[in-house]
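Asks: Before we start, here is the structure in question, set down as structure tokens.
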């Protein structure tokens, strides 16, 4: 743990007696009071997350949008100022290097938010891929803290700390504002399946902002453990589990983010075009266990006669559903009764449509 | 993390209460607060031995599943199971809430010599090293 990098909120986590784990090189809170309480708080009220480990990479200049069109699978130049898009960066073979959210902050300024574990790869690729374009790529990850307030009460609670017109801020949109006295980028994005906000602030403003929000009744600090079950219920992929360099956007059911028809060439276009023409050999599905045992990452999915036909990528007991849920890659052509091999025992599962949970 | 003085401990993070003479003692077994905290919230507990069946010291005798992981449960002593805590099976979170009390897991009538168990001080050292 001593070798792990610390986020600007490290002392707050220690003060809250969080269980800290190394995650992508950072000492991050796994849980505070308990993951189920934290999970439920996000579903019913509001949870507060430190996401300062995520990477913030800026592209600016006249060809910033064109450079991102070339570097990523989405049509980023078509994004309106103040809007955000979920997208991916692929390798030339069509494998996923990372999934990203790109925000257009101004006509010639974009912010790419990368997963912490991939931030260095994404930065290196963006520098390389943007080389021929009139744009400057800057890693500003260390300057920013990222605090997420997620849950049905998020807007009402945040409104107590800002004059920014939150009600006008749409899902997947971003604006400037002052929150609890700190200059912030306020984005209506998240990774929990709930309404909520992600607040990008200067690292030095993180602690007072956290304390202000955490001081509100109904706001519960929430760790990575709750974040993982929240995103799993919402059917959202996690890089390293559902997405890797060995998976394609089509297998992950995310072919819609690949804009093959956008003008110009982009990295992975040829391979992704070919992949788009044939059904993938395996697809990401949702599983609900009939019993109490949770399928876990790496467990085999098997047919009724025990033949392996897939692999679990994420699984956990679902606090909201009360049953174990999982996502798994299932080989094409399998239907009928399926089970997951849970430590040598076949536990029956049902294939269900994702997401497992949708907010009302 | 609390490590009660009067208990004995295994390296697999089980505790044993009531061990005095060895053979013939009926001891109570559970997992330590350190183990419960490391696992996270426990959602499922299964023993693969029932009352009247024999467990062997250091051998797996069940599974503990938490929100984050699955682990084997080991018996810290050899002998016959005389009781299994129904509360821990039905509401396994009781193990997190009260690992040394209401969250006990099973009782064993000890046969033969108990294995190598640690006192509170040695167990504290063990967990400090792994922390």
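The values are calculated or read from the model by the stated rules, or taken from the named source; none is laboratory data. Owing to the predicted nature of the structure, the values given are computational and were not obtained by experimental measurement. Using ideal geometry, Cβ is built from the backbone for each residue, glycine included, and neighbour counts are taken over all protein chains shown.
Asks: For region B:81-95, name all the residues that are over 24 Å from residue A:31 (Cβ atoms) and within 11 Å of the chain's Cα centre (by Cα).
Replies: Answer for region B:81-95, where residues must be over 24 Å from residue A:31 (Cβ atoms) and within 11 Å of the chain's Cα centre (by Cα): there is none.
Asks: Can you report the number of residues in region A:211-224 which are assigned to a helix (DSSP H, G or I) and either within 14 Å of chain B (Cβ to nearest Cβ) or under 21 Å from the mean Cα position of the chain (by Cα) (or both)?
Replies: 1
Asks: Mind checking which residues of region B:20-43 are within 14 Å of chain A (Cβ to nearest Cβ) and either farther than 14 Å from residue B:103 by Cβ or free of Cβ contacts under 8 Å to residues at least 12 places away in the same chain (or both)?
Replies: Correct list: B:38, B:40.
Asks: Quick check on my filter: what residues within region B:63-80 are within 15 Å of the chain's Cα centre (by Cα), within 14 Å of chain A (Cβ to nearest Cβ) and buried (at least 19 other Cβ atoms within 10 Å of the Cβ)? Break it down into steps so the answer makes sense when it comes.
Replies: Looking only at region B:63-80, we keep the residues that are within 15 Å of the chain's Cα centre (by Cα), and these are B:63-65, B:71-80.
Imposing the further condition that a residue be within 14 Å of chain A (Cβ to nearest Cβ) reduces the set to B:63-65, B:71-73.
Correct list: B:64, B:65, B:73.
Asks: Would you mention how many residues in region A:304-320 are touching a strand residue (DSSP E or B) at 6+ places or on another chain (Cβ under 8 Å), modelled with pLDDT of 95 or more and more than 11 Å from every other protein chain (Cβ to nearest Cβ)?
Replies: Qualifying residue count for the region: 7.
Asks: Can residue A:33 be described as in the same structural domain as residue A:223 (by TED's automatic domain parsing) and closer than 22 Å to residue A:143 by Cα?
Replies: Answer is no for this residue.
Asks: Of the residues A:227, A:170, which is within 22 Å of the chain's Cα centre (by Cα) and under 25 Å from residue A:72 (Cα atoms)? Give the derivation first.
Replies: Numbers: A:227 fails: under 25 Å from residue A:72 (Cα atoms).
Unique residue meeting the criteria: A:170.
Asks: Scan region B:81-97 for residues that are away from chain A (no Cβ under 12 Å) and under 24 Å from residue A:294 (Cα atoms) and report the count.
Replies: The number of residues fulfilling the criteria is 8.
Asks: Among the residues of region A:285-297, is any at pLDDT 95 or above, out of contact with any strand residue (DSSP E or B) (no Cβ under 6 Å at 6 or more places or on another chain) and either away from chain B (no Cβ under 14 Å) or within 15 Å of residue A:331 (Cα to Cα) (or both)?
Replies: Within region A:285-297 (the criterion being at pLDDT 95 or above, out of contact with any strand residue (DSSP E or B) (no Cβ under 6 Å at 6 or more places or on another chain) and either away from chain B (no Cβ under 14 Å) or within 15 Å of residue A:331 (Cα to Cα) (or both)), the answer is no, since none of the residues qualifies.
Asks: Can you report the number of residues in region A:15-26 which are within 16 Å of residue A:210 (Cβ to Cβ), without any contact (Cβ under 8 Å) to a residue 60 or more places away in the chain and away from chain B (no Cβ under 13 Å)?
Replies: 1
Asks: A further question on this structure: Determine if region A:118-130 includes at least one residue that is free of Cβ contacts under 8 Å to residues at least 40 places away in the same chain and surrounded by 18 or more Cβ atoms within 10 Å (Cβ to Cβ).
Replies: Within region A:118-130, not a single residue is free of Cβ contacts under 8 Å to residues at least 40 places away in the same chain and surrounded by 18 or more Cβ atoms within 10 Å (Cβ to Cβ).
Asks: Would you please name the residue that is surrounded by the most Cβ atoms within 10 Å (Cβ to Cβ), looking only at residues in region B:32-62 that are in a loop (DSSP other than H, G, I, E, B) and in contact with a helix residue (DSSP H, G or I) (Cβ under 9 Å, 6 or more places away or on another chain)?
Replies: B:32
Asks: Turning to a different aspect of this structure: Within the group A:131, A:159, A:116, which residue is modelled with pLDDT of 95 or more, out of contact with any strand residue (DSSP E or B) (no Cβ under 8 Å at 6 or more places or on another chain) and farther than 17 Å from residue A:196 by Cα?
Replies: A:131
Asks: Looking only at region B:81-119, which residues are out of contact with any strand residue (DSSP E or B) (no Cβ under 7 Å at 6 or more places or on another chain) and surrounded by fewer than 19 Cβ atoms within 10 Å (Cβ to Cβ)?
Replies: Correct list: B:86, B:87, B:90, B:91, B:97, B:98, B:101, B:102, B:112, B:113, B:115, B:116.
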